[in-house]
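Shown next, in structure tokens, is the structure this report addresses.
The values are calculated or read from the model by the stated rules, or taken from the named source; none is laboratory data. Because the structure is a prediction, the values reported are computed rather than measured. Every residue, glycine among them, receives a Cβ derived from its backbone with ideal geometry; neighbour counts consider all protein chains shown.
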Amino acid sequence: MSLLEFEKVNKYFGETHVLKDIDLEIDEQEVAVVIGPSGSGKSTLLRCTNRLEEIQSGEIRLDGVPLTDPDADINVLRQRIGMVFQSFNLFPHKTALENVALAPKKVKGVRPEDAEADARELLERVGLGDQVGSYPSELSGGQQQRVAIARALAMDPDVMLFDEVTSALDPELVGEVLEVMRDLADEGMTMMVVTHEMGFAREVADTITLMSEGRIVERTPPEQFFEQP
Ligand code: ADP
Ligand code: ADP
């Protein structure tokens, strides 16, 4: 069974049919890169997976459990799906450490000293061990985005969703964020990644999913995808 399954998923914004009968299965440890023209529905697909948007029909399942299951605890399901956005959305008046430790403390009830020890470890893992006391305004965009990744990881998710996380960065800062994502992939994290970084797609993806006008029009290994004439 796949970790994440989409079955006949349809999403409308008013009259606009944005996701059309999406069938997709993401296996455990798969790095699924999603590409396609602007407006094709990539971001909406991720946002529906995290229930930031509601779908109108079909089903999205995590480990076989529908995200819409009325008996499932949506907060628990959501904790299992980490998401990182184009904008960093860090709390400006909290340090990197506090940003990462906050949700485990508040949402999961982890003891403060444990949450902070975990946060320190996660920040080290994304290469920010020396910035734990820094505020977002004191960090570069690339560093802030790495804090955002650490913050998502702090909930110990089963799958991570990345929505164009390098698109707002200065070009020289893109590499350090992609490197963290590559490390995560190497460690076996299941990931859905919307990106324009074709080098990353070619080297790190297990599968390329091509969207166009709300449909999945292709799903192939990168070797095959990038070899096409
Ligand atoms: P992509 O990520 O591939 O650029 P999006 O998922 O952002 O595509 O958008 C898909 C379509 O849905 C676009 O036509 C966009 O204008 C529309 N859309 C996205 N978000 C909303 C929204 N909140 N309200 C109305 N339409 C939206
Ligand atoms: P992205 O493709 O990176 O998601 P967009 O510019 O498509 O960026 O969307 C930015 C925000 O505006 C998103 O929150 C999206 O839901 C919303 N949005 C996009 N298209 C529309 C639309 N046609 N009507 C209302 N909101 C929209």
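Starting from segment 130-155, take each residue that is without any contact (Cβ under 8 Å) to a residue 40 or more places away in the chain and list its partners that are among the acidic types (D, E), counting only C-beta distances under 6 angstrom and pairs at least six apart or across chains.
Filtered contacts from segment 130-155: G142/E176.
Restricting attention to segment 171-229, which residues are under 13 Å from V34 (Cβ atoms) and in a loop (DSSP other than H, G, I, E, B)?
If the condition is that a residue be under 13 Å from V34 (Cβ atoms) and in a loop (DSSP other than H, G, I, E, B), then T195, H196, E197, A205, D206, G214 are the ones that fit.
Can E15 be described as closer than 30 Å to Q131 by Cβ and acidic (D, E)? Break it down stepwise before answering.
Details: closer than 30 Å to Q131 by Cβ: no; acidic (D, E): yes.
Judged against the criteria, E15 is not a match.
How about segment 1-79: which strands (runs of 3 or more DSSP E) wholly inside it have at least 1 residues that are surrounded by 17 or more Cβ atoms within 10 Å (Cβ to Cβ) and within 12 Å of ligand 1 (Cβ to nearest atom)?
Here the list reads 4-13, 16-26, 31-35.
Scan segment 7-38 residue by residue and report those that are within 16 Å of ligand 2 (Cβ to nearest atom), at positive phi and in contact (Cβ under 8 Å) with a residue 24 or more places away in the chain.
Answer for segment 7-38, where residues must be within 16 Å of ligand 2 (Cβ to nearest atom), at positive phi and in contact (Cβ under 8 Å) with a residue 24 or more places away in the chain: just G36.
Specify the residue that is surrounded by the fewest Cβ atoms within 10 Å (Cβ to Cβ); the eligible residues are those in segment 149-175 that are within 11 Å of the chain's Cα centre (by Cα) and within 16 Å of ligand 2 (Cβ to nearest atom). Talk me through it step by step, then tell me what you get.
Of segment 149-175, the ones within 11 Å of the chain's Cα centre (by Cα) are 149, 152-153, 157-165.
Checking which are within 16 Å of ligand 2 (Cβ to nearest atom) leaves us with 161-165.
Working: L161: 27, F162: 26, D163: 22, E164: 18, V165: 27.
Applying the filter and picking the extreme gives E164.
Looking at (1) modelled with pLDDT of 95 or more; (2) away from ligand 2 (no atom under 16 Å from the Cβ), which is the one condition that is false for S43?
Condition (2) is where S43 drops out.
Without any contact (Cβ under 8 Å) to a residue 24 or more places away in the chain and closer than 26 Å to L173 by Cβ - does that describe any residue in segment 80-101?
The answer is yes; a qualifying residue exists.
Please tell me if S87 is within 16 Å of ligand 1 (Cβ to nearest atom), surrounded by fewer than 19 Cβ atoms within 10 Å (Cβ to Cβ), closer than 30 Å to R215 by Cβ and small (G, A, S).
On the way: within 16 Å of ligand 1 (Cβ to nearest atom): yes; surrounded by fewer than 19 Cβ atoms within 10 Å (Cβ to Cβ): yes; closer than 30 Å to R215 by Cβ: yes; small (G, A, S): yes.
So S87 fits the description; yes.
Return the pair list, or none, for Cβ contacts closer than 6 Å from residues in segment 44-60 that are touching a residue at least 40 places away in the same chain (Cβ under 8 Å) and at positive phi to residues that are not in a loop (DSSP other than H, G, I, E, B) and not small (G, A, S), at least 6 apart or on different chains.
Pairs found: G58/E7; G58/K8; G58/V9; G58/N10.
Only one of (1) assigned to a loop (DSSP other than H, G, I, E, B); (2) among the aliphatic types (A, V, I, L, M); (3) within 16 Å of ligand 1 (Cβ to nearest atom); (4) in contact with a Leu (Cβ under 7 Å, 6 or more places away or on another chain) fails for L161. Which number is that?
(1)
Working carefully through the options Q79, Q56, Q29, find the one that is of a type in the set (S, T, N, Q) and touching a Pro at 6+ places or on another chain (Cβ under 8 Å). Can you show your working first?
On the way: Q56 fails: touching a Pro at 6+ places or on another chain (Cβ under 8 Å); Q29 fails: touching a Pro at 6+ places or on another chain (Cβ under 8 Å).
Just a single option satisfies the conditions, and that option is Q79.
Select, from L97, L67, L90, L52, the only residue that is at pLDDT below 95 and away from ligand 2 (no atom under 16 Å from the Cβ).
Values: L97 fails: at pLDDT below 95; L90 fails: at pLDDT below 95; L52 fails: away from ligand 2 (no atom under 16 Å from the Cβ).
Selected residue: L67, the only one of L97, L67, L90, L52 that is at pLDDT below 95 and away from ligand 2 (no atom under 16 Å from the Cβ).
So in segment 121-142, with the set limited to residues that are touching a Leu at 6+ places or on another chain (Cβ under 6 Å) and in a helix (DSSP H, G or I), which one is surrounded by the most Cβ atoms within 10 Å (Cβ to Cβ)?
Ranking the qualifying residues of segment 121-142, first place goes to L122.
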